[in-house]
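Peer 1: Below you'll find the structure I mean.
The values are calculated or read from the model by the stated rules, or taken from the named source; none is laboratory data. A quick note: this is a predicted structure, and the numbers were derived from the prediction, not measured. When we count neighbours, we look across all protein chains shown, and the Cβ atoms used for this are built from the backbone with ideal geometry, even at glycine.
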Amino acid sequence: MIRDILSACWTFLERLFRRLFEFLGSLFGKLFQTLFDFLKVLLRPIFIVIALVLYVVYKIAELAIALLKLFLGIAKLLVMFVKGIFVTLAGFTFTPSARSDGSWTPIFKNVLQNGLNYFQLDTLAYVLMFCIWFATGFAAIRIIGSIRNGGD
């Protein structure tokens, strides 16, 4: 008999607390869900603005890195070009020879024996060939640029 009474009391209390906690859980769940939905709607424009600002900063940093790579590449080419010119100019040598009293014979003999290497014209030809190549590329870029913008 006591067992039945205690069992009924326990079942009553168990159901009471279960329903009470279910009610409080659903009440607080709906309350917090409503609060989160309200904050989500309220803060969405702020999050969008923050995302846009961060995206612009990201793209500016990406552009800065690309420009830095470009300028470093151009500087590297310029340094190599200047170094090449100085190495080429350092390759020119003057070897004095005896006076020929106006005789052109040693000059023709050197041309016939050694070709134009004696006068180092091949090195000068490489420098001139690079200058012509560079000028042609620059002219092509200007022509293509003027066509794209409507021409002048």
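Peer 1: Select from the range 106-152 the residues that are charged (D, E, K, R) and either at pLDDT below 60 or in contact with a strand residue (DSSP E or B) (Cβ under 8 Å, 6 or more places away or on another chain) (or both) and list them in ascending order. Before you say what the answer is, go through the steps one by one.
Peer 2: Filtering the range 106-152 down to residues charged (D, E, K, R) leaves 109, 122, 142, 148, 152.
Within the range 106-152, just ASP152 meets the criteria.
Peer 1: Looking at LYS69, LYS83, LYS76, LYS40, can you tell me which residue is within 12 Å of the chain's Cα centre (by Cα), surrounded by 10 or more Cβ atoms within 10 Å (Cβ to Cβ) and either under 26 Å from CYS131 (Cα atoms) or among the basic types (Lys, Arg) (or both)?
Peer 2: Values: LYS83 fails: within 12 Å of the chain's Cα centre (by Cα); LYS76 fails: within 12 Å of the chain's Cα centre (by Cα); LYS40 fails: within 12 Å of the chain's Cα centre (by Cα).
Only one candidate passes the filter, namely LYS69.
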